[in-house]
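Before anything else, here's the structure in question.
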Amino acid sequence: MISLAGRDILHSWGKYAFTGLGLGLLIGVTLSMAGIYRGMVDDGKALLANSGADLWVVQRDTLGPYAEPSSLRDDVYRGLLGLPGVAHAANVTYLTMQARQGKREARVMVVGIQPGEPGEPRYLIAGRQIERTHYEAVADASAGFQLGQRVRIRRHDYTVVGLTRRMVSASGDPMVFIPLRDAQEAQFLKDNDAIVNERARVRANPALNRPGAPGLAETVSRSQESSRMVNAVLVQVAPGWSAAEVAETIRRWKRLQTYTVPQMEEILIAKLIATSARQIAVFLLILAVVSAAIVSFIIYTMTLGKLREIAVLKLIGARNRTIAGMILQEALGLGLIGFLVGKTVATLWAPYFPKYVLLEPGDAARGFAAVMLICALASTLAIRTALRVDPATAMGG
Amino acid sequence: MSAAPELNPAIEVAGLRKRYGVGDTAVDALKGVDLTVQPGEVIGLIGPSGSGKSTLLKCLGAVTEPSDGRIRLSGETVYDGGWHDLDPRALRRDRIGFVFQAPYLIPFLDVTDNVALPLLLAGRSNREARQRARELLAALDVQHRAQAAIAQLSGGEQQRVAIARALANQPPIILADEPTAPLDSERALAVVRILNRMAQQYRTAIIVVTHDEKIIPTFRRLYHIRDGRTYEEAGAGRDLG
Ligand SMILES: Nc1ncnc2c1ncn2[C@@H]1O[C@H](COP(=O)(O)OP(=O)(O)OP(=O)(O)O)[C@@H](O)[C@H]1O
Ligand SMILES: [Mg+2]
């Protein structure tokens, strides 16, 4: 038996190609949406993996440092180093801000790190790690900065000495690593006017500026100005210790919130990007419904255009199975064309998205199955109409 | 089969009735039709518009179920107040060829595959079906258009391809409903000539419904249908050359 569907598609290939192209663009959008979600999850995992930490120690009762703000005194890490099972502990700060290079501006996440400690990016694609204690930066390539360029963050210029890849915040902003001291200054220290105002306020407070206690106001002011905070302490566990065990010790003895890698992943995926994920899920659902509506409408119209041929087929003895098979195969053929176009365009336009789009083969396979299923379901209306055609109509009056 | 097919008429119809619809709006299209066609015979079926000609062909072709009466094909009772253990589609596919006023070919198949289609639907291999299709196209003198798309054929060529399709399964019966209506008189006569030749060659029984004054004189035997009843009459049987 020859393939009736195949012949019909070849006969009106222009119509099929155009329809398949339209459907394909729609499928491409769908695949990209799924890719954006996968990209967010993957960015989150890369962020955790590249930090080189086994544990995140943050302010109590917070989901910090990524999903909620967290601040700790910057001497907390010393206490942690004394605990059993802790090999390394280092301060980090995170702050999203604008960085300028010449005329360009980029929204970046500035990460304050201690060179050689956890938190430092593990892999560089160019240049070197930060070596000096001030005014050097390692930037993610997606920020668009080049090696040797000077980037302005707040009041200081930093020289880009190294470049990373796939180091972005949960909202997709490229990371720029700078020395911890500089980052703390950028994040927590006040500008000169604020300091002057603060000193005036302390002096004006009768409780702090008493005649019998010279120098008290001075001391209070200085302690306020030198108050140094960080957002988290990253801990590396010593060989032979389990991360969960050490986390428990830290929770018990230091009364600080401590997260392991799986817990951090859970926070990033289930909490931080949950809203975006739901948004994407709704989009996927709408796109699936729209595709189904389009395919059924197209297949139905194409079938209406063939009712006389279908009546003739029935008249000369074609079985219902043959006729239903023809329509089903045409619907699946349309789905196949659409899927191939969709996969191609999704791959082609993925690099132009500002966020990482991860097109997983598994998602493509699931998408293909869904497209085929949708097309099969969409053809039922047309098949029912075709099977109701009276072969007598082929004979005319 | 109750007897050897050759000894029986190809078509025997007795007291056939067909009523469309029910109640006040019911139409009695056939009110007792009697008709017999022998193998190899071409008969004409004529009558005014609305007299029931197409209805009769639809009943014979198991496209429409009659209301009463009897139909025997090659000695086998297929209808006797109800279909006799019958798959109408298999009957149409294996035992009846249809030719209509409009050729109604399948536009997305080429000429050869249009002719091969009934054989393919009957489960023959592509090779065998196409081989037979080419033979028929040659017999009908359209073999030079074998690979053409349907839309590229003239009306007369399309009608010949439609006849080839009707002959594909070597059915014992061909039912033709105004097959020459869209053709000029020369081509109309050519079609009738082909049908006669096929009837002789394959012992096919052929009923031709027609209004066409030019071809009516070619039938040896005619049935007149008026008001749902048939009247047999001898035709001129003019030689077609
Ligand atoms: N499906 C139908 N439902 C109801 N009435 C029908 C139907 N088909 C035909 N009829 C009626 O049955 C009668 C016979 O119709 P039929 O088509 O057999 O006529 P005909 O002899 O072929 O006419 P024509 O020469 O115009 O083709 C007509 O009165 C017609 O209106
Ligand atoms: Mg008619």
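The values are calculated or read from the model by the stated rules, or taken from the named source; none is laboratory data. Just so you know, these numbers come straight off a predicted model, no measurement behind them. Here Cβ is always computed from backbone atoms with ideal geometry, including for glycine, and neighbour counts include all displayed protein chains. SASA here: full protein model, heavy atoms, side chains in, ligands and nucleic acids out. Shrake-Rupley method; radii C 1.70, N 1.55, O 1.52, S 1.80 Å.
If I ask for residues that are aliphatic (A, V, I, L, M), within 16 Å of residue B:101 (Cβ to Cβ) and more than 16 Å from ligand 1 (Cβ to nearest atom), which ones from region B:195-225 would you list?
Within region B:195-225, B:195, B:206 qualify.
Only one of (1) over 14 Å from residue B:223 (Cα atoms); (2) within 15 Å of ligand 2 (Cβ to nearest atom) fails for residue B:92. Which number is that?
(2)
List pairs: first in region A:323-352 and in contact (Cβ under 8 Å) with a residue 40 or more places away in the chain, second in a helix (DSSP H, G or I) and open to solvent by 70 Å² or more (accessible area, probe 1.4 Å), Cβ under 6 Å, 6+ apart or cross-chain?
Between residues of region A:323-352 that are in contact (Cβ under 8 Å) with a residue 40 or more places away in the chain and residues that are in a helix (DSSP H, G or I) and open to solvent by 70 Å² or more (accessible area, probe 1.4 Å), the close pairs are A:339/A:368; A:341/A:21.
Let me ask something else. Filtering region A:241-298 down to residues that are assigned to a helix (DSSP H, G or I) and of a type in the set (Phe, Trp, Tyr), which residue is farthest from residue A:47 (Cα to Cα)?
A:297
If residue B:40 passes every condition in (1) farther than 20 Å from residue B:192 by Cβ; (2) touching a strand residue (DSSP E or B) at 6+ places or on another chain (Cβ under 8 Å); (3) more than 13 Å from ligand 2 (Cβ to nearest atom) but one, which one does it miss?
In the conditions (1) farther than 20 Å from residue B:192 by Cβ; (2) touching a strand residue (DSSP E or B) at 6+ places or on another chain (Cβ under 8 Å); (3) more than 13 Å from ligand 2 (Cβ to nearest atom), residue B:40 misses (1) alone.
Quick check on my filter: what residues within region B:206-218 are within 15 Å of the chain's Cα centre (by Cα) and part of a loop (DSSP other than H, G, I, E, B)?
B:210
Still on this structure: Based on this model, can you work out whether residue A:316 counts as open to solvent by 60 Å² or more (accessible area, probe 1.4 Å) and over 23 Å from residue A:169 (Cβ atoms)?
no
Follow-up question, since we're still on this one. Which of the residues that make up region A:364-397 are buried (at least 17 other Cβ atoms within 10 Å of the Cβ) and more than 16 Å from ligand 1 (Cβ to nearest atom)?
A:364, A:367, A:368, A:370, A:371, A:374, A:375, A:378, A:379, A:382, A:383, A:386
Collect the residues in region A:9-25 that are within 12 Å of chain B (Cβ to nearest Cβ), touching a Leu at 6+ places or on another chain (Cβ under 9 Å) and not aliphatic (A, V, I, L, M), keeping them in residue-number order.
Within region A:9-25, A:11, A:16 meet the criteria.
Tell me, which strands (runs of 3 or more DSSP E) lie completely within region B:1-92 with 1 or more residues that are away from ligand 1 (no atom under 16 Å from the Cβ) and open to solvent by 50 Å² or more (accessible area, probe 1.4 Å)?
In region B:1-92, the matching strands (runs of 3 or more DSSP E) lie at B:11-20, B:27-37, B:68-73, B:76-80.
Residues to consider are B:115, B:99; find the one that is open to solvent by less than 20 Å² (accessible area, probe 1.4 Å), more than 16 Å from ligand 2 (Cβ to nearest atom) and in contact (Cβ under 8 Å) with a residue 40 or more places away in the chain.
B:115
Within region A:365-387, which residues are more than 18 Å from residue B:92 (Cβ to Cβ) and either more than 29 Å from the chain's Cα centre (by Cα) or within 16 Å of ligand 2 (Cβ to nearest atom) (or both)?
Listed by number, the residues that qualify are A:375, A:376, A:377, A:378, A:379, A:380, A:381, A:382, A:383, A:384, A:385.
I've got another one for you. Residue check: is residue A:345 buried (at least 18 other Cβ atoms within 10 Å of the Cβ), within 14 Å of chain B (Cβ to nearest Cβ) and at pLDDT 90 or above?
So residue A:345 fails the test.
Among A:273, A:299, which is surrounded by 17 or more Cβ atoms within 10 Å (Cβ to Cβ), away from chain B (no Cβ under 14 Å), over 33 Å from the mean Cα position of the chain (by Cα) and closer than 25 Å to residue A:29 by Cα?
A:299
A further question on this structure: For residue B:123, state whether it is within 13 Å of chain A (Cβ to nearest Cβ) and touching a strand residue (DSSP E or B) at 6+ places or on another chain (Cβ under 8 Å).
no
Specify the residue that is nearest to the other protein chains (Cβ to nearest Cβ); the eligible residues are those in region B:226-238 that are surrounded by 15 or more Cβ atoms within 10 Å (Cβ to Cβ) and within 15 Å of ligand 1 (Cβ to nearest atom).
Out of the qualifying residues, it is B:228.
Do any residues in region B:199-220 that are open to solvent by 10 Å² or more (accessible area, probe 1.4 Å) have Cβ atoms under 7 Å from those of residues that are of a type in the set (Ser, Thr, Tyr), where the two are at least six apart or on different chains, and which pairs are they?
Within 7 Å, the pairs are B:212/B:180; B:214/B:185; B:216/B:210.
Between a first residue in region A:385-397 that is within 10 Å of chain B (Cβ to nearest Cβ) and under 13 Å from residue B:104 (Cα atoms) and a second residue that is away from ligand 2 (no atom under 16 Å from the Cβ) and open to solvent by less than 30 Å² (accessible area, probe 1.4 Å), which pairs have beta carbons less than 6 Å apart while being 6 or more apart in sequence or on different chains?
A:391/A:314; A:394/A:312
Exactly one condition in (1) open to solvent by 20 Å² or more (accessible area, probe 1.4 Å); (2) of a type in the set (Asp, Glu); (3) within 16 Å of ligand 2 (Cβ to nearest atom) is false for residue B:177; which is it?
If we test residue B:177 against (1) open to solvent by 20 Å² or more (accessible area, probe 1.4 Å); (2) of a type in the set (Asp, Glu); (3) within 16 Å of ligand 2 (Cβ to nearest atom), just (1) comes out false.
Among the residues in region B:62-73, are any free of Cβ contacts under 8 Å to residues at least 24 places away in the same chain, within 11 Å of another protein chain (Cβ to nearest Cβ) and out of contact with any helix residue (DSSP H, G or I) (no Cβ under 8 Å at 6 or more places or on another chain)?
No, the conditions are met nowhere in region B:62-73.
Okay, moving on. So which residues in region A:319-342 are within 30 Å of residue A:390 (Cβ to Cβ), more than 10 Å from every other protein chain (Cβ to nearest Cβ) and open to solvent by 40 Å² or more (accessible area, probe 1.4 Å)?
Of everything in region A:319-342, those that are within 30 Å of residue A:390 (Cβ to Cβ), more than 10 Å from every other protein chain (Cβ to nearest Cβ) and open to solvent by 40 Å² or more (accessible area, probe 1.4 Å) turn out to be A:321, A:328, A:329, A:332.
Now for a separate question. Consider residue A:291 against the criteria (1) at pLDDT below 90; (2) within 29 Å of residue A:141 (Cβ to Cβ); (3) among the hydroxyl-bearing types (Ser, Thr, Tyr): it satisfies all of them except one. Which criterion is unmet?
Here residue A:291 meets the rest and fails (2).
Mind telling me which of the residues A:181, A:210, A:199 ends up being of a type outside the set (Ser, Thr, Tyr) and exposed (fewer than 12 other Cβ atoms within 10 Å of the Cβ)?
A:210
Here is a yes/no grid of residues against (1) more than 12 Å from chain A (Cβ to nearest Cβ); (2) under 27 Å from residue B:48 (Cα atoms); (3) not aliphatic (A, V, I, L, M):
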| site | (1), (2), (3) |
| --- | --- |
| B:89 | no, no, yes |
| B:104 | no, yes, yes |
| B:129 | no, no, no |
| B:162 | no, yes, no |
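Based on what the data block shows, is residue B:55 more than 18 Å from residue B:227 (Cα to Cα), within 14 Å of chain A (Cβ to nearest Cβ) and within 13 Å of ligand 2 (Cβ to nearest atom)?
Judged against the criteria, residue B:55 is not a match.
Looking only at region B:180-198, filter to residues that are open to solvent by less than 10 Å² (accessible area, probe 1.4 Å), more than 23 Å from residue B:119 (Cα to Cα) and not hydroxyl-bearing (Ser, Thr, Tyr); which one of those is farthest from the other protein chains (Cβ to nearest Cβ)?
B:192
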